[in-house]
DNA sequence: TCTTTTTTTTAGGCTAATCTAAAAATTTAT
DNA sequence: ATAAATTTTTAGATTAGCCTAAAAAAAAGA
Ligand SMILES: [Mn+2]
Ligand SMILES: [Mn+2]
Ligand SMILES: [Mn+2]
Ligand SMILES: [Mn+2]
């Protein structure tokens, strides 16, 4: 029965993520960067993943997931995001604290565990950071793509997710009073530094820097 | 920061278990048996654990946990048993299904996770098999030691735990209608094969073989 | 085009955790 | 007490996953 190491599973997840942020072919150096290893180590691993037919690999040409590789990547991502929901909703962790734990929990090998967890959590569609949870069948739902920084003055939207997942950014949002699901109305945008003045319920006014606004994903306002 | 591999943690747990079922010195062969590896591999690992001062090891003389080794073993056992409670009480798994998953979950590295889990589960004192859960401070509570097979006719007791943790045994109990916490009254013991006739509420009569009775732990009946 | 720079791969090594086969120590039996 | 049987350790390999240094290929630039 094909079983995979933590390392292999992490590579697949990272190849998936890199392929969906930029060109579809993922480079050896890009992987060395995100795995915090050397390019030579990545080449080693790519050969092993290619042997297992989890990736398409041609020397010097970068790498692409096979159907089986993508299926596996989405399964790991599903587990990661469901465990994050558990940690935040059930155990009361902050959304800035859960990534490392989920990084380990995602490798627990039991499909039944994941499906029971999903039921226990009431089939959540998004993780605590607003990222969509892949379906058990291996389909990744669409994520919002509009950023707060894209809005014009007087427009209203709902905060749906973050692009920057760093604890520093998440804690900054906590201190600002910005939470996912909250309705924001843009009152003014500075022509100088693109910073925004926004209002959130109940009538509070906040200043949001461009650096923050371009890392916040938004969608249509709640009715 | 001292971190330990899954393998090391499993060895410590197994050394603890073996030391508390028999003589205090654990033999290389006994460990080879329970780890399903060869004696030579065990010797290798014992040297590594001794280097880290987690065990006392003298060639040919067997092995004993150091204070630090025991502290760590109890920490892993605590995690294992708390995760089992989670899987049974919250996710609805059967007590015969959870061991393998807990065997992986016990290695997730986060003290805060375990303590929050403990709180979420309402500080359980026993796991689904009736085994006591070590305290956060690293103390192993006493376990019941009397067996159902030790009782005499007309005696009444409360079922508290199992000695055999195999799925086959646990499923046999499920099919018999015997559950932990249930009150059993011994009505008759066969002089021939030591099998018992017992009654459980609400007035049901069961036949219990000696093989089952000597694997069931009991305590004083509930008032 | 033809260097120069950057990226990627190869070559060779290391460690943890396993193995088999053989040697050494201990225990049991005559 | 000595020989035989058992247990344990040593010796020498293997595999996954990593490393550095050097070679090779591809991309960029003059
Ligand atoms: Mn991971
Ligand atoms: Mn997330
Ligand atoms: Mn384990
Ligand atoms: Mn248990």
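Would you mind ranking A:164, A:193 so that the residue whose beta carbon has the fewest other beta carbons within 10 Å leads the list?
On the way: A:164 15, A:193 10.
Sorted ascending by nearby Cβ count, the order is A:193, A:164.
Among bridges DSSP assigns within the protein assembly as shown, what percent are antiparallel (round to 5)?
Values: 44 of 44 bridges.
The antiparallel fraction comes to roughly 100 percent.
How many Cβ atoms of partner chains, on average, are near each residue of B:78-90 if near means within 10 Å of its Cβ?
On the way: counts 0, 0, 0, 0, 0, 1, 0, 0, 3, 4, 0, 0, 5.
Counting other chains' Cβ atoms within 10 Å and averaging over B:78-90 gives 1.
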Inter-copy distances for residue B:197, label 7 Å out on the Cα-Cβ vector, sorted ascending, nm, one decimal, are 9.0
Relative to the other copies, what are the label-point distances for residue B:222, with labels 7 Å from Cα along the C-beta vector, expressed in nm at one decimal and sorted shortest first?
4.3
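Could you grab the relative contact order for chain B? Cα pairs under 8 Å, six or more apart, rounded to a whole percent.
On the way: 323 pairs, mean separation 33.4, N = 223.
Rounded, it is 15 percent for chain B.
Is there a simple number for the mean count of other chain Cβ atoms within 10 Å of the Cβ of residues in B:107-117, and what is it?
Working: counts 3, 8, 3, 8, 0, 4, 9, 0, 1, 5, 3.
Per residue, the average neighbour count from other chains is 4.
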Once every DSSP H run of n ≥ 4 in the protein assembly as shown is given -39500 (n - 2.57) and the sum is divided by its residues, what mean residue ellipticity at 222 nm do you get, rounded to the nearest 500 deg cm²/dmol?
-11500 deg cm²/dmol
How big is the gap, in Å, between the Cα center of the range B:154-212 and the Cα center of the range A:174-223?
65
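We did not get these values from a lab; they are worked out from the coordinates using the rules stated. Keep in mind the model is a prediction, meaning the values are calculated, not measured. All Cβ positions, glycine included, derive from the backbone under ideal geometry; neighbour counts span all protein chains shown.
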